[in-house]
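One structure is given here, and the rest of the page talks about it.
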Amino acid sequence: MYKYNDFDTAFLAERNAQFRAQVERRIDGSLTEDEFKPLRLMNGLYLQLHAYMLRVAIPYGSLNSAQMNTLALLAEKWDKGYGHFTTRQNIQYNWPKLSDVPDMLDALAEVGMHAIQTSGNTIRNVTADHFAGAAADEIEDPRPIAELIRQWSTDHPEFQFMGRKFKIAVGGAAKDRAVLKAHDLAVRVVQNDAGETGYQILIGGGLGRTPMIGKVINDFVPRADLLPYIEAVVSVWNQIGRRDNKYKARIKITVHEHGIDDIRARVDARFALIRPTFLGADQELFSEIKAHFSAPKFRADSTTPYDTAYKADPVFRAWADTNLADHRVSDHAIVTISIKKHGATPGDASAEQMRVMATLAADYGYDELRISHEQNVILPHVHKSDLPAIHAKLKQHGLGTANIGLISDIIACPGMDYCALATARSIPVAEQIATRFDDLKLEHDIGHLQIKISGCINACGHHHVGHIGILGLDRAGVENYQITLGGDATWSAAVGERAGPGFAYDEIVPAVERIVDAYLSVRDTAEETFLETYRRVGMSPFKAALYPEAIKKVA
Amino acid sequence: MARAFTPKVITANHLIEGDVIYLTAADTWSRDLAEAELITDEAHAQLRLLDAHSQPATVVGAYLADASSGTNGPEPTHFREEFRRTGPSNYAHGKQEVLANV
Ligand code: HEM
Ligand code: SF4
């Protein structure tokens, strides 16, 4: 874990004091809302439908038990007892009072957390693979790079007032678990033929109203060139990106309009100019940061308790089969705790649940936790012998759901239940789909299937890259849901294809059920996943299932 | 031809609590849509909106929202305003919670 040094602590204290004074001046009337809004957004404070919303960064999704306990404290003391974990590895509080926010930020600062650059046209909270430091397929822990980028981008004078926001993700493994290709810029740790570690850089990915898959701008950037290279990219975009139209301002449009080769040439020129100004301080800092992320001393023990429970207890076995992933140390496992209990709000955890997870991390998990972009919580390092005890505890607190990667492990944005920009609700749609397939007892048979739901075109719920994507719209004053199929959020990323006309609120769950029925009847074997089937057979069987009337008309 | 003016209420969020409030005919702010002034004249609506905007120490983001006349006062005509006057659908929080405790 990164530990704040004196500089970090002092910087944060000063920022919080500034914001406290700004809030006071807003309340006493010396600042207008127009003056105050950019200031509050810089500190992660939004105004939504029913209340303010505070968005707190969980840099690259990593936190320890003290930090998780503080998130619980905020939920309990200043909110309504829960928090919402988001696809950007942030946590959102839906009910803070303006006058309480400075105290919330001070409480966060005590455990080295903040809400800076979780909003506004800045470089946002850097996200990373949620299995960082633990995955069996990892080349190198991506978090030191993510932390380096966080420090470099925080308050970077050139990048505080850009044309639009800029989102960076970092991955360090063979598998992409960080949706690298849907980011403005992605860094992927790779090795070249000489066996040196460096970085592949992708740019121009993004969802929203114009979804685009990121393109490779550089296959191998050597370690010491990383920051100047990223700075060159952001700086080129900051200069030539469109500022006349906010819908065309993201780097994906710049790349689309200029072409990746033109951008590459400009970046190379800019890089040549600024590289000499990086004199090595960044590399010293990097070595320092790296030391903070050294792996815990993994304990060795027998795995017999795990093997016994796995054989004896079918509930434990179902959970182990879906919620565990391979750890790089073979007698350890990575635990994904589902915060997607059937019928509950995806990504929400109560203060009590946060404390339970913090305690489990402290007792069994080398004090480490992660938040995934899939809105779940991870214990990255657990000795297998501790799994039965962990599972027993999770079950007692509504955290034992065995559904990771299954149809009820849905990503959903807040939608019109909270968000001022929404055109329809997302949460109840997710709740109903999960409940329905749980009732049918079908989800383990269906296997790996990702549903992602957004409540408007901004695509915070990643619907374009869901195997089944659902987009909520307002059609003539009524909620209407558009379906896309075949999206993919991994290294084989793809934007889903629209199935046809949308469905009303009470028709969307039956429509999803028809898609799943069609899949079950056309799949080759029980092992062929939904996405594989879709890629083999295409849209037509699903279209036929969704729109039987249209087929009849043609016939 | 200009669109016919449809009845409106003035609504905003409260500066400190952030919750939904409505402008009443008595020039106060209410948390209950039923107590809002239903405005049927376009010129009057613009004047009232100016009044609302001139109170930055109380309200944020005042705007005109469509409403219709119901038996107990103004009613929302769009689902967004229905949610704003009720609260989210996943928990009994927001206005529905306050009403339940009256
Ligand atoms: C509730 C307050 C929120 C507001 C006002 C908001 C606003 C927006 C807007 C305007 C965009 C589009 C940006 C653009 O295309 O330039 C966007 C994109 C995005 N938001 Fe949110 N959002 C909110 C909540 C969330 C939540 C809860 C999540 C996670 C679940 C999230 C994750 C994202 C992601 C991943 C994108 C990226 C789409 C892209 O690549 O363009 N947002 N958001
Ligand atoms: S997708 Fe739309 S509705 Fe959902 S959180 Fe983002 S802005 Fe709000």
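Checking each residue in segment A:464-480 for being away from ligand 2 (no atom under 15 Å from the Cβ) and more than 14 Å from chain B (Cβ to nearest Cβ) picks out A:467, A:468.
Yes or no, residue by residue, for (1) away from ligand 1 (no atom under 16 Å from the Cβ); (2) assigned to a loop (DSSP other than H, G, I, E, B); (3) at positive phi; (4) surrounded by fewer than 20 Cβ atoms within 10 Å (Cβ to Cβ):
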{"residue": "A:345", "(1), (2), (3), (4)": "no, yes, no, no"}
{"residue": "A:353", "(1), (2), (3), (4)": "yes, no, no, no"}
{"residue": "A:358", "(1), (2), (3), (4)": "yes, no, no, no"}
{"residue": "A:363", "(1), (2), (3), (4)": "yes, no, no, yes"}
{"residue": "A:374", "(1), (2), (3), (4)": "no, yes, no, no"}
{"residue": "A:378", "(1), (2), (3), (4)": "yes, no, no, no"}
{"residue": "A:389", "(1), (2), (3), (4)": "yes, no, no, yes"}
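Among the residues of segment A:424-440, just one is facing chain B (nearest Cβ under 9 Å) and within 12 Å of ligand 1 (Cβ to nearest atom), namely A:427. Residues in segment B:23-54 that are within 14 Å of chain A (Cβ to nearest Cβ) and surrounded by 13 or more Cβ atoms within 10 Å (Cβ to Cβ): B:31, B:33, B:52, B:53.
Condition check: touching a residue at least 40 places away in the same chain (Cβ under 8 Å) and either part of a loop (DSSP other than H, G, I, E, B) or not assigned by TED's automatic domain parsing to the domain that holds residue A:246 (or both). Does residue A:424 satisfy that? Yes.
Residue count for segment A:475-499 satisfying the condition of being more than 16 Å from ligand 1 (Cβ to nearest atom) and in contact with a strand residue (DSSP E or B) (Cβ under 8 Å, 6 or more places away or on another chain): 11.
Taking every residue in segment A:403-421 that is within 11 Å of chain B (Cβ to nearest Cβ) and more than 15 Å from residue A:461 (Cβ to Cβ) and pairing it with any residue that is in a loop (DSSP other than H, G, I, E, B) and more than 8 Å from ligand 2 (Cβ to nearest atom), at least 6 positions away or on another chain, the pairs with Cβ-Cβ distances below 9 Å are A:420/A:48; A:420/A:49. Could you list, in sequence order, all residues of segment B:1-12 that are within 14 Å of chain A (Cβ to nearest Cβ) and more than 9 Å from the chain's Cα centre (by Cα)? Passing the criteria: only B:6.
Selection of first residues in segment A:209-229 that are over 14 Å from residue A:185 (Cα atoms) and of second residues that are hydroxyl-bearing (Ser, Thr, Tyr) and modelled with pLDDT under 95, restricted to Cβ pairs under 7 Å at least 6 apart or on distinct chains, gives the following pairs, ordered by first then second residue: A:209/A:247; A:223/A:197.
When the residues of segment A:117-141 are filtered to those that are among the β-branched types (Val, Ile, Thr) and buried (at least 23 other Cβ atoms within 10 Å of the Cβ), the one that is nearest to the chain's Cα centre (by Cα) is A:127. Restricting attention to segment A:449-474, the residues that are of a type in the set (S, T, N, Q) and more than 10 Å from ligand 1 (Cβ to nearest atom) total 1.
Assess whether residue A:355 counts as being under 20 Å from residue A:403 (Cα atoms), among the basic types (Lys, Arg) and modelled with pLDDT of 95 or more. So residue A:355 fails the test. Of all residues in segment A:17-27, at least one satisfies being away from chain B (no Cβ under 14 Å) and either under 24 Å from residue A:339 (Cα atoms) or charged (D, E, K, R) (or both). Being under 21 Å from the mean Cα position of the chain (by Cα) and outside any loop (DSSP other than H, G, I, E, B) is the filter; apply it to segment A:391-421 and report the residue that is nearest to ligand 2 (Cβ to nearest atom). This residue is A:415. Residue B:57 versus (1) modelled with pLDDT of 95 or more; (2) surrounded by fewer than 19 Cβ atoms within 10 Å (Cβ to Cβ); (3) touching a Leu at 6+ places or on another chain (Cβ under 8 Å); (4) within 9 Å of chain A (Cβ to nearest Cβ): which is the lone unmet condition? Going through the list (1) modelled with pLDDT of 95 or more; (2) surrounded by fewer than 19 Cβ atoms within 10 Å (Cβ to Cβ); (3) touching a Leu at 6+ places or on another chain (Cβ under 8 Å); (4) within 9 Å of chain A (Cβ to nearest Cβ), residue B:57 breaks only (1). Does at least one position in segment A:520-540 carry a residue that is closer than 23 Å to residue A:340 by Cα, at pLDDT 95 or above, surrounded by fewer than 19 Cβ atoms within 10 Å (Cβ to Cβ) and in the same structural domain as residue A:422 (by TED's automatic domain parsing)? Yes, the conditions are met somewhere in segment A:520-540. When the helices (runs of 4 or more DSSP H) confined to segment A:440-555 are screened for residues that are without any contact (Cβ under 8 Å) to a residue 12 or more places away in the chain and over 30 Å from residue B:79 (Cα atoms), those reaching at least 2 such residues are found at A:548-554. Restricting attention to segment A:77-96, the residues being among the charged types (D, E, K, R) and out of contact with any strand residue (DSSP E or B) (no Cβ under 7 Å at 6 or more places or on another chain) number 2. Exactly one residue out of A:500, A:461 is at pLDDT 95 or above and within 15 Å of ligand 2 (Cβ to nearest atom), and it is A:461. Remark: residue B:73 falls outside the filter, which requires a residue to be out of contact with any strand residue (DSSP E or B) (no Cβ under 6 Å at 6 or more places or on another chain), of a type in the set (Gly, Ala, Ser) and at the interface with another protein chain (Cβ under 10 Å from one of its Cβ atoms).
Scanning segment B:76-99 for residues that are within 9 Å of chain A (Cβ to nearest Cβ) and among the small types (Gly, Ala, Ser) returns B:87, B:89, B:94.
Which ones in segment A:429-444 are of a type outside the set (Gly, Ala, Ser), under 17 Å from residue A:339 (Cβ atoms) and crowded, with 20+ Cβ neighbours inside 10 Å? Passing the criteria: A:431, A:433, A:443.
The values are calculated or read from the model by the stated rules, or taken from the named source; none is laboratory data. What you are looking at is a predicted structure, and each value in this text was computed from that prediction instead of being measured. Cβ coordinates were reconstructed from backbone atoms using ideal geometry, including for glycine residues, and neighbour counts include every protein chain displayed.
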